[in-house]
1. Across chain A, how large is the tail of the calculated P(r) beyond 35 Å, expressed as a percent of all Cα pairs?
2. If you keep only loop residues by DSSP, which GluC sites (Glu not before Pro) in segment B:71-128 have at most 16 other Cβ atoms within 10 Å of their Cβ?
3. At a threshold of 8 angstrom on Cα-Cα distance, excluding pairs fewer than six apart, so keeping six or more, what relative contact order does chain B reach in percent?
4. So for the protein assembly as shown, taking the charge dipole from beta-carbon charges (+1 Lys/Arg, -1 Asp/Glu), which of B:Q69, A:G283, A:T214 sits furthest toward the positive end?
5. Please list the radius of gyration and Dmax for segment A:208-359, considering alpha-carbon atoms only, with Å as the unit.
6. Normalising by the residue count of segment A:390-477, find the relative contact order in percent from Cα pairs under 8 Å and 6+ residues apart.
7. Please work out the Cα center distance from segment A:140-157 to segment B:64-119, rounded to the nearest Å.
8. Size of the dipole of chain B about the Cα centre, Lys and Arg at +1 and Asp and Glu at -1 on the beta carbon, nothing else charged, in debye to 20?
Amino acid sequence: MRPFPMTPSIFNEMKKALLPIWILLLLLPPAAAQDYYNVRKQTRISTGLNEAAAVPFEDGVVYITESTSVGASSPTDPLGRRLFTIFYYREKGGVKGPFIDALVTRRHEGPVSFTSDGTLMAFSQQRPSAANRDFDPLGIYFADNVEGQWTNIRPYEHNDPFAWLFSPALSPDGRTLFFSANLPDAIGGFDIYKSELKGGSWTKPENLGRAVNTSGEELYPFFHPSGKLYFSSDGHDDNLAGYDLFETILLNGKWTKARKLPAPFNTLSNDYHVWFDENFKSGYITSDRGSGSKEIFTFGTDIPEFEAPEPIKKTYYKYRIYDRKLDTVDTDLFRYSWLINDTLELPGHEVVYRFPGPGRYVCKLQVYDRQLDTLVEGQTVKTLNIELNEQAVITCPDTIPVNTPVVFDGSETHLPGFNIGRYVWEFGDGTYGEGIRVTHAYRYPGTYRVILGVEERKQNRRDVPEVRSNFRDVVVTGSD
Amino acid sequence: MHSKCKEMKRKLYIILLLSISVLGFSQPVPNVEENIPHLMTFGKLAETSWGDDDFSQAFFFLIPEEYDQPFFIRVFDPDTGGEIDEIAGEWNTRCTYEVFGGEGVWTEPDARETHPSGNYKSGTMLASRAFAENPRYDNSWYTFGPFNPAQGEYVEMYQGRIFKIICEGVSGDDGNMYRYFLSTEADENRPIEGANAFAYEYSFRMHNDVNEVSHIYPYIEEGTVTVRISNFDWDADGNMVVISVARQGREVRVSGEDHWTEDELRILDEEIGTSFDFRFVKARNLVRNNNVVVNVRNQRNETLPFYTIPIGGVPRYRGEVEFDPID
């Protein structure tokens, strides 16, 4: 049974030895890098020791740290390892300290997870157990936020005195719990488990199976409101760089095969934990990139906010043209045709015609009287005005097979007088793009809202550019 | 109260239409736009297979109330003989022309019926004259009048006074072909501004030239839901097409020899308060001297008038173009 997860030193050695291979692998990336993210170390938190598993709370961030400045009476556990303690860093004033003083003990605490409304917290904590005198098991506990005070601390009913259950991740509604544990049915060292709150009780932990879990270790789950589950693993086939971050999603009752996240979430170093905001525009990463110890990084994008994008209005060129009032069509007496701009004659009382482009088209019903051998004096006429809608235009297929690269083209955008600086794409699956044409592959079936935002060119550095945005929905088909 | 309002509304509507449309000067009957060569009345001993169902034809003249000068009703070729009329054996037909004015000339319901029965000669007779074969009046005019407009029946709905002339074949079996003109002068045809003429049954002769196209213009009054179009003795001579502001051209059934045929149309909202154009195109295999009778009734079996100057003008179909986009 493995202890609380620490980066094995052997991995560091292996990584150095395999550096050339990793460079080669970088040339063949498993997924397109998401280079619209900028990542920077959260220096206000970093201490040079290990900090990990940051999640936002109120106006700050809650994380775990080995810092000796926590005020704990002893910085190490009985095995000499530094204790992890739950810390809170408040942006306002840059103050940091124990999140809840009462939780500071001489054992490991954390990480934590909150429901979206912040009223429920799940956290892991090492507590003595009468059933196991050999080591203090790490279990999961819950606490309620009552007027700012965390009370009613209670254990998860499936804590195991002989196992370590840690890094809980609550669903936004608090009714599903994911965590990492070395329970007896684990495939590897630590596996990801799921438990659901039903009728006031938590269901027995369910191992997520081999699509997620491996003979290695799967740690630090994070469940995003989109339904994606993120975690860190060192056991997946293509994972030669220690711990990397993966994602999976429950489709048709099954977890899809874990997919490795692209750069900048994964690096050649160990990447342990990720937290995304709802729109995947910002978040936190725990990684030992650049230093060898776990550190917290923040990431964000300069993708603008698309405020109330409108659906794309299609410009139609093909029309069925008819006279709504023409109740009797008598081809024995009359011959009907449509005259377009006095130049083109289309036979029939009802015609389908594709107009060549934007413009004004005078469409007149011509009725030729066969008996009188003359044209009937006609007043059935109307002008069709085809004009391009002023909008950002997305050209792409309506239906896209899963895992198939597709070009999304914004070149038909029609915004006269709008000095376009850049084209920014939101694909609806948590990914973004930039450019007039971008290629994107959806990884999971479903319906996605694609937004194209067109940003005005800045005249001055401090200008806040105007953004016009429109969207269309695409359907991604096929099995994962 | 409600029906009174409705009636008033109807009247105002017609007045408005008349004031808009009856600004013409032409009171020839048939009118130029109708392109009908002659009215037709046979002697009462004629076979109906010659084309006249009842040997009688009534026409009403409307004199606008602003007009207060004497006027005349002139009849072209009033006799029955000579080159225009239709002989059956030998000329033996006498036709009477009777002009009526006064109370009830139009408001009497029998006056607006298609068949000469009951009090159809309502009102006060102002003038009458019988004509047999008479070379003096063959292919020339006879003038009734002068009449004082005040002698007509004032009808508020029309804002004018109404006179009536009935031509009847009182003896013989020949066909009398004739025309009228409402004139300000006794010896020439000078129209009265704003006047009109109408009938509830049109008995007329078709052209002999197959290229000539004739029209008559029934008026669709408010409250009309359906119309029943009846025609007599068409001899299957070509076709009748109904044209309106909402109908580009709808063929209706025409009769054969010596019988009536009916067809029914549902009236569209847009057609209320407008005229229909009944267009008659002759068949290419010429039927000579074809005499026909046409009348129109609404769903209440009330007759609808044919105005020689169509109310609202000659209807022109105006469609509504739709563009349905296609992906």
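Values in this text are rule-based calculations from the coordinates and carry no lab data. Note that the structure is predicted; figures quoted are calculated from it, not measured. Every residue, glycine as well, gets a Cβ built from its backbone with ideal geometry; the counts of neighbours run over all protein chains shown.
1. 46
2. Passing both the DSSP loop test and the Cβ count: B:E83, B:E90, B:E103.
3. The normalised contact order for chain B reaches 25 percent.
4. Checked the options; the winner is A:T214.
5. Expressed in Å, the Cα Rg and Dmax of segment A:208-359 come to 29.7, 92.
6. 35
7. For segment A:140-157 versus segment B:64-119, the Cα centre distance is 108 Å.
8. It comes to approximately 680 debye.
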